[in-house]
Structures are given as C-alpha cells and as structure tokens.
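> What follows is a single structure, and I will ask about it in a moment.
The values are calculated or read from the model by the stated rules, or taken from the named source; none is laboratory data. Small disclaimer: the values here were computed from a predicted structure and weren't measured. All Cβ positions, even for glycine, are placed from backbone atoms using ideal geometry, and neighbour counts span all protein chains on display. Heads up: the accessible areas ignore ligands, DNA and RNA and are worked out on the full protein's heavy atoms, side chains in. Shrake-Rupley method; radii C 1.70, N 1.55, O 1.52, S 1.80 Å.
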Protein chains: 2
Amino acid sequence: FDRLRRGRPLFCDMTWHPKGDPSNTEKPTSSTSMASNMLNYAGIETMLHMTCVGLTTEQMKENLYKAKNLGIRSILALRGDLPDGVDEWQKTEGGLDYAVDLVRLIKEEFGDYFVICVAGYPDGHPECKSYWEDIQHLKDKVDAGADLIITQLFFKNETFLKYVSDCRKVGITVPILPGVLPIQGYKSLSNMAKLSKLEVPVEIIEAIQPIKNNDQAIRQYGIFKAVEMCRGLLNSGMVPGIHFYTLNREKAVTQVLKELGLWTEKIQRPLPWKQTANHNRVEEEVRPIFWRCRPNSYVLRTSEWNEFPNGRWGDSRAASFNDLKTYHLFYLKSKSTKDQLLKMWGEELTCEKDVWKVFVNYLTGSANEQGVKVTRVPWDDDEIEPETSLICENLARINEQGVLTINSQPRVNGTPSTDLKVGWGSPGGYIYQKAYLEFFTSKENIVALKEILPRYPQVNYHIINHSGEADYTNCDEYQPIAVTWGVFPGKEIIQPTVVDPEAFKTWKDEAFALWLEAWASIYPKDSESRKVIQTIHDGYYLVNLVDNDFPKESVLWDILDEMLSLRALHEEVQTAERSS
Amino acid sequence: FDRLRRGRPLFCDMTWHPKGDPSNTEKPTSSTSMASNMLNYAGIETMLHMTCVGLTTEQMKENLYKAKNLGIRSILALRGDLPDGVDEWQKTEGGLDYAVDLVRLIKEEFGDYFVICVAGYPDGHPECKSYWEDIQHLKDKVDAGADLIITQLFFKNETFLKYVSDCRKVGITVPILPGVLPIQGYKSLSNMAKLSKLEVPVEIIEAIQPIKNNDQAIRQYGIFKAVEMCRGLLNSGMVPGIHFYTLNREKAVTQVLKELGLWTEKIQRPLPWKQTANHNRVEEEVRPIFWRCRPNSYVLRTSEWNEFPNGRWGDSRAASFNDLKTYHLFYLKSKSTKDQLLKMWGEELTCEKDVWKVFVNYLTGSANEQGVKVTRVPWDDDEIEPETSLICENLARINEQGVLTINSQPRVNGTPSTDLKVGWGSPGGYIYQKAYLEFFTSKENIVALKEILPRYPQVNYHIINHSGEADYTNCDEYQPIAVTWGVFPGKEIIQPTVVDPEAFKTWKDEAFALWLEAWASIYPKDSESRKVIQTIHDGYYLVNLVDNDFPKESVLWDILDEMLSLRALHEEVQTAERSS
C-alpha cells in the first residue's frame, strides 16, 4: 500500500472474498480490514468491492454500515461469482438477485453517501444472452444510481472503445474506466482468462508460448503490451483514467505508469505528516508532534473522534485517545521479522550501552558489529525524516552518551515551502519550526538536567517517568505549543504540529510500552537481554524539550552537553565522597 | 472612559440614577447604556449600581436581565437614597425593602453569574440605630451572597481600619475596599457630606475655609490629602485595593495614582487591537483588519454573536453583522463638533483635490490652509497607530495623488513582541505582518491598477465600488488571509487580524457610507462641498491589497507608483486622440 501510494492513484480497489470472512473487522486479513487499513493508514482513497452472493439483504446492509463506520466511501457493487461447483446463479433466501439490486439497496439506505461503481463487460458478461442485453443491464445499474463504471479486462483496445461508444448510444453518460491487466505470468493469465471467461487472442498466446517458463520475460512482455494499450486508450480521448488489475503486485503497474510518464512521485507534502484518506478527517490539520514517527498509531488512537482539530489543537482536556491494541491491527505490526530485529538490535544485550549503540547506528545508518544495518527502532513507523540529516551529527553525539532520541526536529526560520527537506504545503509559502528534541535518559542525567533548565527560560520542557509519578514541566497544563507552522499566500496560518502536555502523558504510556512490547519481547523470558531493556524501561525518563527562540541557533545541544558534563561532575564528587 | 482606561482600573462603577430613566438602553445617557459603553467600547470592567427604590421585583429583574444581556457581570446592590422630600423609607408595592433583599434576588435569579458588591458604612448608616446593628446588616448582606464590600467615604483612616477590624470580628471575610474621595471643591464636598450625612472634620474645614474660592488650591489640597490617606491605607496591609469617588472627573484620581506610583500606563497591548471588557468576548482573538481603526463599530456590529473567533477566523459565510445604527450609540458619535470638523476638513470644498489634501494633512499631522490640524477622518475612531509612522512618507506621497488610504500596515518580519511600534502580546515573542493597504481611488486609477496587478502574483487584491456591482478579487472567496500574527513561547500561533473577502463586502458599505454620513452631512444640502463628496462616493472604488511575501520589501508602493504612471499615460493618449 505504502509503495503504491507514492504514485498517487486516484483510488485503489480491495476485492471482496466471500470465502475469507470479508466483513470481519476483527480479522486483519479480511477485505473490510484491509480496505480500512489502505484508507486510514496508507492514505489511499479506497473502493471496496461488495457482492450479493450468499448474503441476505440485512447482512449486506450490515457490511455497508461497517464500511461506512470505517470511513470508506466508495463501493464497487457486484453480483459476485458463482460459488465453486455451482453452474447457475441462485439467490440467497432474503438476498438479492443482481448487482442492480445492490445499487438500489445502497441508494435507498445511504443516499449519496457512497460513490457507487459498477462493472462493465466489453466482451459481454459471460452469463448474458447477448452483448446488447448486457449493455442494457449496465444501463439499468447506472439508472439505479451508479456513479461510474470499471470494465472487465480486455485484450484489444478496439473492444473497449466500441463498448464505450455503444454505452453512450444507449444513454450511459457516467465515466467508464478501462480495466487493464499487465500480464505477469503464464499461469496467472490463464487463471484470469478462465475466471473472466475470456479468450486470450492468438497473437498473445503465440507471443507468450515460447517464453512461458521465463517469468521475467513474460513480465517484460506484459509491461510492453500494457504500455502500448494504455497509450492507445489515452490517445483515443475516450478514457478519463485507467484502472489496473495488479493481482496484488505493484511492480508491473508501477513500471507501466513510469513508462507512460504518469508516475509522479516527487510531490510536495500537503502537511508535514502523513495524511489519511479517510473523509471524516479531511479537515484535520493539527497533530501532537509525539506521534510524528508513528502516524498509524495516531490514526488508530484517534479513530473514534467525531471532530478533528483544524487551525488549532484546542483544549487538550477534551481529547480522549483509544487504547493501543496492536494485536488487532495487522497494519501496525512491525514490518520486520523477529529474526531480522534480533540481527539489527543484537542477539544479546549485556548492558545499557549496547542499547545506546543501536540508537547511534540507526541514526547514522551504520552497520552494527554483526555487519547488519539498523533500519528500524520501535518508535518509528517509517524511515528517518529527511530533515533529520540537518541535525544528525548532534543527535549521534548525544545518543552515544545515553541520550536516546526518539523524535526531533531542527529549528527552521522562514525557509521556502518548496524546500526538499523541510518544505510542505503550497509553493510561495514560508516554513517555521521550533527546535524539538524527545529522548529517554537515565535518572542521573535528569538530576543534572533539572539543575540546568532554569537558566534557559526560552525552553519548554516536560520530564516524565514510566509510571507518571515523576512529572516535571514548565508548560501551561492546557496550553499547546505550536512547533511547526507555515505562512502561505492568501491563507490563514497553518500550524500542523504542536506539543501538548496532556497528550504527552498519553504518548508516554505508548513510548514506554514499546520498550517492552516491541523490544524486550524478542528475547527469551528471564534472559539478560530482556533485563537490560526492562531496566531502561523502569529507570529512564522520557523528556521533551522545545526551544521557543526559533530565530536563533538552538540551545538544546548546549543544554544536553552541559547536562552530560554536570552528570559526570556529580559522579566524580560521589566517587570522591565514597573513597574519602 | 478612554482616559481612565489607560490607568488600568480593576473596575469602574456606574451609578444608578432613578430619575434619569436608568434602565433605558435606547437612551444613550442612561446608567445602563453608559455602563455598557464603558464595558463594551472603552474596555473597562464595569460595576453597575442598582437600587430598590421605586421599583417592583419584576422591574428589578428586568433591569438585571438587561445588564446581563449587555455583558455586565458586576452589580453594586443598594437600597437607594430616599426620594426628595421623603423622610422615611417606604418600600414600593411589590418591591423590596433592603439591599439584602436585592442580593437575595440576584442570587436566586442569576446564581453566580453576577459578582455582587454591597456598601459598608464606616461611620454607620445614617438611618441605622447603632454602629453594631449596621455591621450586622452588612453581615446579613454578605451571608446572602455578596462577594465584596465598598465603603462609603470617610475622612480618617482610623475610622476605616477600625471598621474593617469590627467586620472581621463578626465573621465578615470578603474583601473590603475603602472609598476615598479626593476633595475637588468646597461645594462638592459639602454636597457629598450632606448626601452621606457625614460630618466633615474640623481640621479639613479649617484647611479649606481660607481657600474656599480658589478651586485649584482646593483640588491641590484634595490630592495631597487623598495621597496621604491612600499611603496610610496601603501601608496598613488591611486593604486589597482602593475605590475612588471620581465625581465624574478623572484628573484628581489620575494625579493621586501617579503620586502613589500606581498609574502604569505603558503596558504591552495584549493584542494589536483594542479589546472590550465584555466577558462574552473573552476568547475573541481574531478580527478582520477592516475595522482596525473603528473597533467600536466592530464591537457594535458583532455584539449579537454567540461565539467569537478564537485561533482562526473560520468560515466567513457564517458571520452576520448587525446594521450600523450610529444614532443609537452615544459612544460612537464623532468626538468633534460639526464646527471643529468644518475647520479641519474645510468650510468649502471645490474639487476632489481639496479632499485629497485633508488625507495628506491627517497623515502628516500638518495644519491646513486655515492653520487647523486635521486630527480626525471619518474612518478612524482614534489617533493614528504608531506603526503608521514607519510608512508615513509613502502614504503621504500616494494620498497627494488621489490614493486615499483609510487603513494600512507595514510588513513586519519577526520583530520582538516588545517593540514599541508593532509589538503586542507577552514578551519573548516575535511579530509578523503582511504589508496591507486599503484606499479609495478613482475609476481611472482602477483601470490602470487592473492592468498592473497580474504581474504581482504575490499580491492579493479586492476592488469594489459602492454598489458592489464592480467586484474584482483574486482571493479565494471563503478563505481568510492572516495579515498579522505572533509566535510566542509556550503557545499556539496567534493571528489577530485577517483579510476576509466576505467581511470586506460588509465593511465596504460602512466605508462608503461614512463619506456621506460623516463628511457630506456637515455641509448644507445642495452645496458644492456636498456634491464633491457625493461624486467621490459614487465614482471612487475601495481597494485592499495584501503583499503575501512578508520577508521581502513590500511591492505595494511599486504597484501604486506604476498605477499612477500608467494612468497618466492613459490620459496623455486620450488627450492626443481627442486633439488629433
């Protein structure tokens, strides 16, 4: 999903698998769950397929309500394939007969809430008596309320173009998207042809036969053929877009789009964090910075909000966050296997400094002693942000000394909004950031830090331990601090990230829990490694620092260097006292 | 009120004049109207006196509801003086007997909405049998719900300090504010003494007698005496503040406060515009820039809003402005007489250029041909903003050429919030402004301007004529533009002024109407002067320009210079065409 998203598809489909418990939202691989993940976490506008087969009207309504509650707004309404071993359609008792009935049901029950798509068959529906009767069925579906049409795959552009003309003749005016299949293999092609009851043209068979055991060659051929088809379709002026059959693989489609010049990856981020495609959140414009590296977790934890902050974060007391139930959420699981994690983070940890090294290697992109690159830490959904390179040396230096940073941003003072590292929003604007640093560190460092902070009144701090019993801050309890904002032509000021003391208390539970759930848990119970992590979890503090004086060089590094020196001094004194 | 406000009183009282139709909100000089003006327009927290005399309970409730609707939240509950020629108190049929009953009524009907103040009599209430019985009456009023006590005037600090001790002895714990009268004249002193049934101490009479015909000497004595009393009271540690009897004159009190070191005028503005003291508007943080020089009109026109914009201006379509009914609003009337205005603006106008000169003189603070300084134009409630001096030369240059500016601000790029000219809000912040210019100008200039503007895409413009038939803009219709904002330590971004295309359409009616209502109307009907103003009203356009590129020097002057050159060129061409 994340890779597909980079190409900015208008929408992606999620097929409906009647045999896969498709409406079960508790099951991470169900059609509905995966559609929701694509929409809410990957941020792709999602069209969920729905079929009538085997369902009563009531069940269908229930499934539609589930989709609606998850934020899905587009449905491909289908009758569905005949179940295995069944030759003739039989409607379910209390169910519906045809896709057109499903369209009517959706309209009746949901009005204009859903965008309804229906399927067109350029070669005629396999069960239909005639080509024109089939077009009449399509017309009925559109008259019942369908907003657009996606066609079954076809092998020749003429087939599609004639079909569109014929549809227009009978008064179908909605957009018709051609369905294009980049051939990816001999077997998948014959499966698709069988499923669609389509005959593969002789010239394609003749082209593939000689290379049928060379998958790569077939894929190259498929890409070549698809590019040729798409060029023809686009040049015809009769298609408003193209719908690709990916067969769950994005590579061939990506390649086709690149060759067509339609893959435009380097777009300006609208906001500095990854947005969801959920329509309910369309006005969302402000988030606490804490979840910046874990946007999926943030979306999950706020999924039940009725309103999303726009303009300002507002009164944090009103915000209530969902519990983080990772075990429910397929999409939030670590993208690496336990084995990979052990290689990155160390098969065996003997002391806290082993953990510090993991942080340093992650930040510098270095390999560890086993030669494995650390590309992941529990507090980060994705890769390191490009802007982190601006402060990477400083970060590495303090991490080496046990200041374990999990979030940070450099100060930015009016950089053009098109800047590749810190830019976002429309061109012509100016971007600002207050320097921000969030880290875990030992109690001894905290003692020193608390001595130093009063000398830096321009810095807001919040220091907390895992239980929340220790909680020191100079922030106004209910006053958020804007740490990223942008000034744009013809607009109000946009301030997409804030530091909010109330939300920080919620975040710290998640931040501390990740030590145990995502890191300690990869080691055997009672192992030394697990104890090392547990010790950090129990004894370290989580700290955030905001340098409010953004037009000047950040003082945060000075503060941390002073903290480390003072801690060292404290230790010397203690050693001296002990030995005297 | 405006002068008093500079000294930042905690609150000011407005007395209740039973004979002056005190609850009539249509009458500008009624107690309730004046209290509302003080609160809503002068921005002073206001305590309205209310008495029981001559009113039924229902009438009293009605008066309290009127006060509440106007935003008043503090009431001094009094029984009221006996009517003239009446020697003994008689309650009104269906009315109340004592102040304590009024306190109860307020509590019953309004709960904690009002802060209730009651009067204390350090010398005993004149109608009361004994000093201690009177203190018991005060205790009853506090027990009934009074939040604080203001005392009747007294002449010796011992009297007040003993009274406070005695009040504390019977269990009165609320704050007790001493009432201090700076003596302002022989007659006013004897009137006050008679009204309060107090005896003026011999030493005061002896001090005043020799100077009784020298008002200034008495005032000096009064100030000296009051400073002495206040020092004693403040040093006693028993007073939380001082309540002054001004007798409608602020000078003596101002002088006393200055001598006490309690007059602290130079305070930082919390926001760049004048705030009201109305509690309903306490969260108000954003206003359209158009009314910046007419804040009282803005408060009036938005007085019926239930919510005030905080953080962002929001969707302007939702905003509905009251009509501007100046004839109802004492406080909004011009502060100058018609005669003064004629002297400033010219007894006779012969052409448009006479009007241009008035604008230039106003901006430069120069005297006109009759030697009179122009200190007022219809579009400005108050004096010119200090920041205008930063662009005054440019403004004068373009006004001389018929670009009649009625509002403007220079660009500001991160100036400290404590800056004397453009600063506002708490210290440690940074202030930003987009250059803004609003002016009337002729149709010929507008033709040229419209030719030039496309070359300046960083500028938002809105051009409109009096009828609204001509209406050109490149603004997003419903998207406000922040033109002033501040970044402060530990806070969200504050953006107190915006340019909003919808609100501009409302403002233009007011801006154009002021030509006729406030300027043309000072001349006789059918006079040439009146026609000149009418011609401008009918033919000129109102324009606003925002330069979005605030980090760079503003291009607005370039645009206007180019406009004037191009207009001149157009004229040459026309002249040439005509003569050929």
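> Please go through the range A:437-464 and give me each residue that is hydrophobic (A, V, I, L, M, F, W, C) and assigned to a helix (DSSP H, G or I), ordered by number.
A:ILE446, A:VAL447, A:ALA448, A:LEU449, A:ILE452, A:LEU453
> Is the range B:79-98 home to any residue that is closer than 23 Å to B:ASN37 by Cβ and surrounded by 20 or more Cβ atoms within 10 Å (Cβ to Cβ)?
No, the range B:79-98 contains no residue that is closer than 23 Å to B:ASN37 by Cβ and surrounded by 20 or more Cβ atoms within 10 Å (Cβ to Cβ).
> For the range B:456-486, give me each residue that is of a type in the set (Asp, Glu) and more than 14 Å from every other protein chain (Cβ to nearest Cβ).
B:GLU469, B:ASP471 - these are the residues of the range B:456-486 that are of a type in the set (Asp, Glu) and more than 14 Å from every other protein chain (Cβ to nearest Cβ).
> Here is a further query. Under 8 Å between Cβ atoms, at least 6 apart or on separate chains: pull out the pairs that start in the range B:85-113 with a residue that is in a helix (DSSP H, G or I) and end on any residue that is open to solvent by 50 Å² or more (accessible area, probe 1.4 Å) and not aromatic (Phe, Trp, Tyr).
Hits for this filter: B:VAL100/B:HIS137; B:VAL100/B:ASP140; B:PHE110/B:LYS68.
The rows are residues; the columns are (1) assigned to a helix (DSSP H, G or I); (2) touching a residue at least 40 places away in the same chain (Cβ under 8 Å); (3) closer than 26 Å to B:PRO295 by Cα.
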| site | (1), (2), (3) |
| --- | --- |
| B:ASN40 | yes, yes, yes |
| B:MET47 | no, yes, yes |
| B:MET50 | no, yes, no |
| B:GLN59 | yes, no, no |
| B:GLU62 | yes, no, no |
| B:LYS68 | yes, yes, yes |
| B:GLY71 | no, yes, yes |
| B:ALA77 | no, yes, no |
| B:ASP81 | no, yes, no |
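> Related question: Name the single residue that is nearest to B:SER236 (Cα to Cα) among those in the range B:174-203 being open to solvent by 30 Å² or more (accessible area, probe 1.4 Å) and free of Cβ contacts under 8 Å to residues at least 40 places away in the same chain.
B:GLU203
> Select from the range A:309-321 the residues that are surrounded by 12 or more Cβ atoms within 10 Å (Cβ to Cβ) and more than 14 Å from chain B (Cβ to nearest Cβ) and write down the one among them that is modelled with the lowest pLDDT.
Only one residue tops the list, namely A:ALA319.
> Moving on. Can we say B:THR388 is polar (S, T, N, Q) and open to solvent by 20 Å² or more (accessible area, probe 1.4 Å)?
no
Residue by residue, here is whether (1) more than 30 Å from B:ASN413 (Cβ to Cβ); (2) touching a Cys at 6+ places or on another chain (Cβ under 9 Å); (3) buried (at least 21 other Cβ atoms within 10 Å of the Cβ); (4) free of Cβ contacts under 8 Å to residues at least 12 places away in the same chain holds:
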{"position": "B:ILE533", "(1), (2), (3), (4)": "yes, no, yes, no"}
{"position": "B:ILE536", "(1), (2), (3), (4)": "yes, no, yes, no"}
{"position": "B:LEU542", "(1), (2), (3), (4)": "no, no, yes, no"}
{"position": "B:GLU562", "(1), (2), (3), (4)": "no, no, no, no"}
{"position": "B:GLU571", "(1), (2), (3), (4)": "yes, no, no, no"}
{"position": "B:ALA576", "(1), (2), (3), (4)": "yes, no, no, yes"}
{"position": "B:SER580", "(1), (2), (3), (4)": "yes, no, no, yes"}
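> For the condition open to solvent by 30 Å² or more (accessible area, probe 1.4 Å), modelled with pLDDT under 95 and assigned to a loop (DSSP other than H, G, I, E, B), what is the one hit in A:GLU477, A:GLU517?
The conditions single out A:GLU477.
> Something else now. Would you confirm, using the coordinates I've provided, whether B:GLU108 is open to solvent by 60 Å² or more (accessible area, probe 1.4 Å), more than 37 Å from the chain's Cα centre (by Cα) and of a type in the set (Asp, Glu)?
no
> Looking at (1) within 14 Å of chain B (Cβ to nearest Cβ); (2) open to solvent by less than 10 Å² (accessible area, probe 1.4 Å); (3) modelled with pLDDT under 95, which is the only condition A:VAL422 fails?
Going through the list (1) within 14 Å of chain B (Cβ to nearest Cβ); (2) open to solvent by less than 10 Å² (accessible area, probe 1.4 Å); (3) modelled with pLDDT under 95, A:VAL422 breaks only (1).
> Restricting to the range A:111-149, what's the tally of residues that are open to solvent by 20 Å² or more (accessible area, probe 1.4 Å) and under 16 Å from A:ILE176 (Cβ atoms)?
The qualifying residues number 14.
For (1) out of contact with any Leu (no Cβ under 8 Å at 6 or more places or on another chain); (2) within 14 Å of another protein chain (Cβ to nearest Cβ); (3) modelled with pLDDT of 85 or more, each residue gets a yes or a no:
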residue	(1), (2), (3)
A:TYR331	yes, no, no
A:SER334	no, no, no
A:TRP345	yes, no, yes
A:ASN361	yes, no, yes
A:THR364	yes, no, yes
A:VAL377	yes, no, yes
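> Same structure again: What residue, of B:ASP526, B:ASP509, B:ASP549, is within 14 Å of another protein chain (Cβ to nearest Cβ) and of a type in the set (Asp, Glu)?
Being within 14 Å of another protein chain (Cβ to nearest Cβ) and of a type in the set (Asp, Glu) holds for just one of B:ASP526, B:ASP509, B:ASP549, which is B:ASP549.
> Would you confirm, using the coordinates I've provided, whether A:ASN413 is touching a helix residue (DSSP H, G or I) at 6+ places or on another chain (Cβ under 6 Å), within 26 Å of A:PHE550 (Cβ to Cβ) and either among the polar types (S, T, N, Q) or open to solvent by 10 Å² or more (accessible area, probe 1.4 Å) (or both)?
Considered against the rule, which asks whether it is touching a helix residue (DSSP H, G or I) at 6+ places or on another chain (Cβ under 6 Å), within 26 Å of A:PHE550 (Cβ to Cβ) and either among the polar types (S, T, N, Q) or open to solvent by 10 Å² or more (accessible area, probe 1.4 Å) (or both), A:ASN413 comes out as no.
> Please determine, by comparing only the residues of the range B:531-546 that are in a helix (DSSP H, G or I) and of a type in the set (Val, Ile, Thr), which one is nearest to the other protein chains (Cβ to nearest Cβ).
Top of the filtered list is B:ILE536.
> For B:GLY171, which of the numbered conditions (1) at positive phi; (2) open to solvent by less than 30 Å² (accessible area, probe 1.4 Å) fails to hold?
Condition not satisfied by B:GLY171: (2).
> Are any residues in the range B:24-36 touching a Phe, Trp or Tyr at 6+ places or on another chain (Cβ under 7 Å) and at pLDDT 90 or above, and if so, which ones?
B:SER31, B:SER33 - these are the residues of the range B:24-36 that are touching a Phe, Trp or Tyr at 6+ places or on another chain (Cβ under 7 Å) and at pLDDT 90 or above.
> Is it the case that B:GLN495 is polar (S, T, N, Q) and open to solvent by 50 Å² or more (accessible area, probe 1.4 Å)?
It is false that B:GLN495 is polar (S, T, N, Q) and open to solvent by 50 Å² or more (accessible area, probe 1.4 Å).
> Okay, next question. On the given criteria, is A:LEU260 touching a residue at least 24 places away in the same chain (Cβ under 8 Å), of a type in the set (A, V, I, L, M, F, W, C) and surrounded by fewer than 16 Cβ atoms within 10 Å (Cβ to Cβ)?
Yes: the conditions hold for A:LEU260.
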